[in-house]
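Novice: What follows is a structure written as structure tokens; I'll ask about it next.
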Amino acid sequence: MKIIGRLVFLLLLSCSAYGQFTYTFDQSIPVEEDGKVLSMPWAGGINSAQINTMDLNGDAKDDLIVFDRTSNKILTYLHVGNHYEYAPEYESLFPVEVTQWLLLRDINCDGKKDLFTSDPFGMVAFINITKPQQKLSWRPYDPGRVILTKGLSADPVNLQLNASDIPVIDDIDNDGDLDILNVRFVGIGTIEYHKNLSIERTGTCDSLQLERVTRTFGNLEECDCNFFAFGGAPCNAIPNGRTEHAGGKAMLTLDVDGDGDRDLFFSEENCTELSFLENKGTAETANMNSVTAFPSTTPINFNLFPAAYYEDVDFDGKPDLLASPNLYARTFTNSINFGSSLWFYKNTGTEQLPQFTFQKNNFLQDEMLDVGDYAVPAFVDADGDGDLDMFISNYAGPGFASSIRFYENTGIATDPYYKLSNDDYGGFSTSALFNLKLQFADINGDGTLDFVFTATSFQTGVTTLSFIPNRSTTLLDFSGQSLQSVNFTMGQQENILVVDVDQDGRADILIGKATGAVQYWRNTSAAQPVFTLANGSFLGLASSTDRQNPTLAVSDLDADGRADLVMGNQRGELTLFGDFRAQDPNIQGVSQIIFNPLTEEYESRNLGGRIWPVAVNLFNSDKPAIVCGTITGGLVVLKNEDGVSLPNEPSIEIFPNPVRSNETFKIRTDRNMIVQFYNLIGQRVSNSYFIPANQEYPLVVSGLLPGIYIARFTYQGKSTGRRFVVLN
């Protein structure tokens, strides 16, 4: 009785290259900017912030929840003392359906905030069902259905809105339940009021029983940026001569003047200003007849699509006003400073009669690394003192040209301390280049690390690969060196890694293509590099709709003497491939690598949209950390924890079980293990095989008679067994 050669082959082929790929978020490395030590430097940055508060950890204090639209990511911050601390472990506790926008409101008046978000057919809601002393939990408000309202017809219909819109979900009529305002879906700039009749019908505020009572809430129509028609007047005298309704809309209501009705903040996707419209009517019958900028001093004004939020973020019990651009992505023409894109106005009045005083334009961002957007980190010993310094390039600054920040490591190699030394290294901010992506690599084969980058030209729109030769083997010395171009064609959003793939001493190229493929271009010249396509689907990574423009890094992540490949995708997720130089297309990448102490599971996480990973030894370990630049302009640090966060009892799955002879079954474990197979009388029927953590490994059952078998797993001096059954 034995497991024959095919099983042995599969195990040896797929398993031998992998070690433990397990990581935790880390905030421990200090970073100083302009004399200030950042409190949460590695929190990943912010671009397009939507602000909410709720109690995340059950301590009866409201914490901060930010949904960043550019990265489609929830960011969570705990209220600790009188400040916020980044707490990424809570992010994965929110529904995966959250997209486009997020509003936290209490639907059923139970004191716990529920969740509203976008859906292709309107909006959906989730009820907060978190129990005391338990982690955050949700259920769909109406499983499988979007939020409904009753209009002219007898039957309820979808409450439809544009994907870019942020509706109002508020108690408009002051009766205790939540109503909804949205701009008409059909492209007419009037506002629909959907009254919740829960109180009227049942005397309780435990549901959404919506009926549309008007399509002209406020007696107004938006005609153009900061221009409205009132009282039923047509949009016929607008500044540019034509009505603009095509863009998304964002609204907020609150009682600014303390008269018992809701006033309106309104913005449009193609406009720079936030419009304020005072309600001169009543709570039930709103009437607006004028529009002003708000606040009167330092009014909210972004280059595109400002949106406002009303939450207490300074812990004084009074809601404050915050504003951020509600953009999905940067456009070529806009010059928003994404490094200062969350404006904070403190409520210096009362909750009943608020007064808003501008405080800063970089709330939260001033406590973290944030270079704008598309942060690309690179680490190298720039000054020859034996430790690794840090560079961060970005997509564009306020003037739309890219820039590079240089952070000198003023600590030591085993205990880094990063201090901003130059916020425009190389003077790129005055160049005609944007979309700059930096790395240090020996591209010309002279034994030194050159300054290598790709960037896009304002004038031509062409993205090129260039480098400046380094004169020194111990530090960066570009004196007397000129910029050199490399003859290599690439798209604007495609991503290059310069690395010696075949270990012939010459730098090759791995490129993440717009199609999702990873291509290997071999350097065939010992002098000026010349690249020839060697493999159009490296590691089997061919074109795929599941990824776009992959980003890549190479390092020996598990200290087994073989270099591994790190790949990031447009959803902000990492996948790791062991021993990438083996070029085995059967190798399955690992994505469930980040430990969550709340769930005690390893997860695949959105680290910040279109991430850029690098592997670097920051913790005096033989297993380097992974540092990811994010679309939101910051960095996150993943420290290799070598499985120490795992629970005492291992998680082991064998499936399907039972399995038929000559069929394939899979093993998945949460840690590295050795497995052997035994029959029920204790006879070993296989050799020992290595099973790496967090991967599904296929095994072909061939040569085993029908019966019950024991898979014996050993790890760190311990052992455990699992039964499986083989059928005819």
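Novice: Does Leu533 satisfy being under 24 Å from Gln588 (Cβ atoms), at pLDDT 95 or above and not in a loop (DSSP other than H, G, I, E, B)? So that I can check it myself, show each step before the final result.
Specialist: Details: under 24 Å from Gln588 (Cβ atoms): no; at pLDDT 95 or above: yes; not in a loop (DSSP other than H, G, I, E, B): yes.
So Leu533 fails the test.
Novice: If you take the residues of the stretch 444-459 that are closer than 18 Å to Ser429 by Cα and not aromatic (Phe, Trp, Tyr), which of them is most open to solvent (accessible area, probe 1.4 Å)?
Specialist: From the stretch 444-459, those closer than 18 Å to Ser429 by Cα are 451-459; that's our starting set.
This time we only want the ones that are not aromatic (Phe, Trp, Tyr), so: 452, 454-457, 459.
On the way: Val452: 0, Thr454: 9, Ala455: 2, Thr456: 0, Ser457: 22, Gln459: 144 Å².
In this case the residue turns out to be Gln459.
Novice: If you check Gly643, Gly572, which single one turns out to be small (Gly, Ala, Ser), part of a loop (DSSP other than H, G, I, E, B), out of contact with any helix residue (DSSP H, G or I) (no Cβ under 7 Å at 6 or more places or on another chain) and closer than 24 Å to Ser71 by Cβ? Full working, then the answer.
Specialist: On the way: Gly643 fails: closer than 24 Å to Ser71 by Cβ.
None of the others qualify; the one that does is Gly572.
Novice: For the stretch 291-309, give me each residue that is assigned to a loop (DSSP other than H, G, I, E, B), surrounded by fewer than 20 Cβ atoms within 10 Å (Cβ to Cβ) and touching a residue at least 24 places away in the same chain (Cβ under 8 Å). Spell out the reasoning first.
Specialist: If we filter the stretch 291-309 for residues that are assigned to a loop (DSSP other than H, G, I, E, B), which is where we start, we get 291, 294-300, 302-305.
Within this subset, residues satisfying the condition of being surrounded by fewer than 20 Cβ atoms within 10 Å (Cβ to Cβ) are 291, 295-299, 303.
Those that are assigned to a loop (DSSP other than H, G, I, E, B), surrounded by fewer than 20 Cβ atoms within 10 Å (Cβ to Cβ) and touching a residue at least 24 places away in the same chain (Cβ under 8 Å): Val291, Pro295, Thr297, Thr298, Pro299, Asn303.
Novice: State yes or no: is Thr532 over 24 Å from Tyr425 (Cβ atoms), surrounded by fewer than 20 Cβ atoms within 10 Å (Cβ to Cβ) and of a type in the set (Ser, Thr, Tyr)?
Specialist: Values: over 24 Å from Tyr425 (Cβ atoms): yes; surrounded by fewer than 20 Cβ atoms within 10 Å (Cβ to Cβ): yes; of a type in the set (Ser, Thr, Tyr): yes.
In short, yes.
Novice: May I ask you to list the residues in the stretch 595-630 that are assigned to a strand (DSSP E or B) and at pLDDT 95 or above? Steps first, please.
Specialist: Start the filter on the stretch 595-630 by keeping residues that are assigned to a strand (DSSP E or B), which leaves 595-596, 601-603, 612-616, 625-629.
Within the stretch 595-630, Trp612, Pro613, Val614, Ala615, Val616, Ala625, Ile626, Val627, Cys628, Gly629 meet the criteria.
Conditions tested, residue by residue: (1) open to solvent by less than 20 Å² (accessible area, probe 1.4 Å); (2) in contact (Cβ under 8 Å) with a residue 40 or more places away in the chain; (3) assigned to a loop (DSSP other than H, G, I, E, B); (4) of a type in the set (Val, Ile, Thr).
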site: Ser482; (1), (2), (3), (4): no, no, yes, no
site: Ser485; (1), (2), (3), (4): no, no, no, no
site: Val498; (1), (2), (3), (4): yes, yes, no, yes
site: Ala514; (1), (2), (3), (4): no, no, yes, no
site: Arg522; (1), (2), (3), (4): no, no, no, no
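Novice: Could you please give the count of residues in the stretch 250-277 that are closer than 19 Å to Pro319 by Cα, open to solvent by 40 Å² or more (accessible area, probe 1.4 Å) and charged (D, E, K, R)?
Specialist: So the answer is 3.
Novice: For the stretch 677-720, enumerate the residues that are more than 26 Å from Gly578 (Cβ to Cβ), open to solvent by less than 40 Å² (accessible area, probe 1.4 Å) and not in a loop (DSSP other than H, G, I, E, B).
Specialist: Asn679, Gly707, Tyr709
Novice: I'm told Ser429 meets every condition in (1) outside any loop (DSSP other than H, G, I, E, B); (2) open to solvent by less than 40 Å² (accessible area, probe 1.4 Å) except one. Can you identify the failing condition by its number?
Specialist: All conditions are met except number (2).
Novice: Considering each residue of the stretch 465-480, count those that are in contact (Cβ under 8 Å) with a residue 24 or more places away in the chain and more than 16 Å from Phe391 (Cβ to Cβ), and give that number.
Specialist: Result for the stretch 465-480: 5.
Novice: Here's something else I'd like to know. Looking at the stretch 383-391, can you tell me whether even one residue there is under 20 Å from Ile46 (Cβ atoms), part of a loop (DSSP other than H, G, I, E, B) and open to solvent by less than 10 Å² (accessible area, probe 1.4 Å)?
Specialist: There is no residue in the stretch 383-391 that is under 20 Å from Ile46 (Cβ atoms), part of a loop (DSSP other than H, G, I, E, B) and open to solvent by less than 10 Å² (accessible area, probe 1.4 Å).
Novice: Now for a different question. Please go through the stretch 337-356 and pick out each residue that is touching a residue at least 40 places away in the same chain (Cβ under 8 Å), part of a loop (DSSP other than H, G, I, E, B) and under 23 Å from Phe302 (Cα atoms). Spell out the reasoning first.
Specialist: Within the stretch 337-356, the subset touching a residue at least 40 places away in the same chain (Cβ under 8 Å) is 337-339, 341-343, 345, 352-354, 356.
Retained after the next criterion (residues that are part of a loop (DSSP other than H, G, I, E, B)): 337, 341, 352-354.
Correct list: Asn337, Ser341, Pro354.
Novice: Out of all the residues in the stretch 34-53, is one or more assigned to a strand (DSSP E or B) and surrounded by fewer than 19 Cβ atoms within 10 Å (Cβ to Cβ)?
Specialist: Within the stretch 34-53, one or more residues are assigned to a strand (DSSP E or B) and surrounded by fewer than 19 Cβ atoms within 10 Å (Cβ to Cβ).
Novice: Of the residues that make up the stretch 344-354, is at least one more than 30 Å from Asp261 (Cα to Cα) and either open to solvent by 30 Å² or more (accessible area, probe 1.4 Å) or of a type in the set (A, V, I, L, M) (or both)? Don't jump to the end; show me each part of the working.
Specialist: Filtering the stretch 344-354 for residues more than 30 Å from Asp261 (Cα to Cα) gives none.
Checking the stretch 344-354: not a single residue is more than 30 Å from Asp261 (Cα to Cα) and either open to solvent by 30 Å² or more (accessible area, probe 1.4 Å) or of a type in the set (A, V, I, L, M) (or both).
Novice: Output the strands (runs of 3 or more DSSP E) that fall wholly within the stretch 106-220 and possess 1 or more residues being open to solvent by less than 60 Å² (accessible area, probe 1.4 Å) and aliphatic (A, V, I, L, M), or say none. First the steps, then the outcome.
Specialist: On the way: elements: 114-119, 122-128, 138-140, 168-170, 179-183, 191-196, 210-214.
Result: 114-119, 122-128, 168-170, 179-183, 191-196, 210-214.
Novice: Right, here's the next one. Starting from residues that are assigned to a strand (DSSP E or B) and open to solvent by less than 10 Å² (accessible area, probe 1.4 Å), keep the ones in the stretch 310-332 and report whichever is farthest from Asp63 (Cα to Cα).
Specialist: Residues of the stretch 310-332 that are assigned to a strand (DSSP E or B), as a first pass: 310-311, 320-325.
The next check asks that each one be open to solvent by less than 10 Å² (accessible area, probe 1.4 Å); those that pass are 320-325.
Numbers: Asp320: 14, Leu321: 16, Leu322: 15, Ala323: 18, Ser324: 19, Pro325: 22 Å.
For the stretch 310-332, the residue satisfying everything is Pro325.
Novice: Search the stretch 75-105 for residues being among the β-branched types (Val, Ile, Thr), open to solvent by 20 Å² or more (accessible area, probe 1.4 Å) and in a strand (DSSP E or B), and hand back the single one that is farthest from Met40 (Cα to Cα). Walk me through how you get there before you give the answer.
Specialist: At the first step, the residues of the stretch 75-105 found to be among the β-branched types (Val, Ile, Thr) are 76, 80, 96, 98-99.
When the remaining residues are screened for being open to solvent by 20 Å² or more (accessible area, probe 1.4 Å), the result is 80, 96, 99.
Applying the additional criterion that residues be in a strand (DSSP E or B) yields 80, 99.
Working: Val80: 13, Thr99: 25 Å.
Filtering the stretch 75-105 for residues that are among the β-branched types (Val, Ile, Thr), open to solvent by 20 Å² or more (accessible area, probe 1.4 Å) and in a strand (DSSP E or B), the one farthest from Met40 (Cα to Cα) comes out as Thr99.
Novice: Could you say whether any residue in the stretch 584-598 is surrounded by 18 or more Cβ atoms within 10 Å (Cβ to Cβ) and closer than 20 Å to Ser393 by Cβ?
Specialist: Looking for residues that are surrounded by 18 or more Cβ atoms within 10 Å (Cβ to Cβ) and closer than 20 Å to Ser393 by Cβ, one finds none in the stretch 584-598, hence no.
Novice: What number of residues within the stretch 588-646 satisfy the criterion of being among the small types (Gly, Ala, Ser) and either in contact with a His (Cβ under 6 Å, 6 or more places away or on another chain) or more than 22 Å from Met368 (Cβ to Cβ) (or both)? Working first, answer last.
Specialist: Narrowing the stretch 588-646 to residues among the small types (Gly, Ala, Ser): 589, 591, 604, 608-609, 615, 621, 625, 629, 633-634, 643, 645.
Keeping just the survivors that are either in contact with a His (Cβ under 6 Å, 6 or more places away or on another chain) or more than 22 Å from Met368 (Cβ to Cβ) (or both) gives 589, 591, 604, 621, 643, 645.
Residues meeting the conditions: 6.
Novice: Among (1) of a type outside the set (A, V, I, L, M); (2) without any contact (Cβ under 8 Å) to a residue 40 or more places away in the chain; (3) in contact with a strand residue (DSSP E or B) (Cβ under 7 Å, 6 or more places away or on another chain), where does Gly634 come up short?
Specialist: (2)
Novice: Only one of these is charged (D, E, K, R), open to solvent by 20 Å² or more (accessible area, probe 1.4 Å) and within 21 Å of Pro88 (Cα to Cα): Glu603, Glu649. Name it. Show your work before the answer.
Specialist: Details: Glu649 fails: within 21 Å of Pro88 (Cα to Cα).
On inspection, the qualifying residue turns out to be Glu603.
The values are calculated or read from the model by the stated rules, or taken from the named source; none is laboratory data. Values in this document were obtained by computation on a predicted structure and should not be read as measured data. When we count neighbours, we look across all protein chains shown, and the Cβ atoms used for this are built from the backbone with ideal geometry, even at glycine. Ligands, DNA and RNA are stripped out before the accessible areas are found, and what is left, the full protein with its side chains, is counted by its heavy atoms. Shrake-Rupley method; radii C 1.70, N 1.55, O 1.52, S 1.80 Å.
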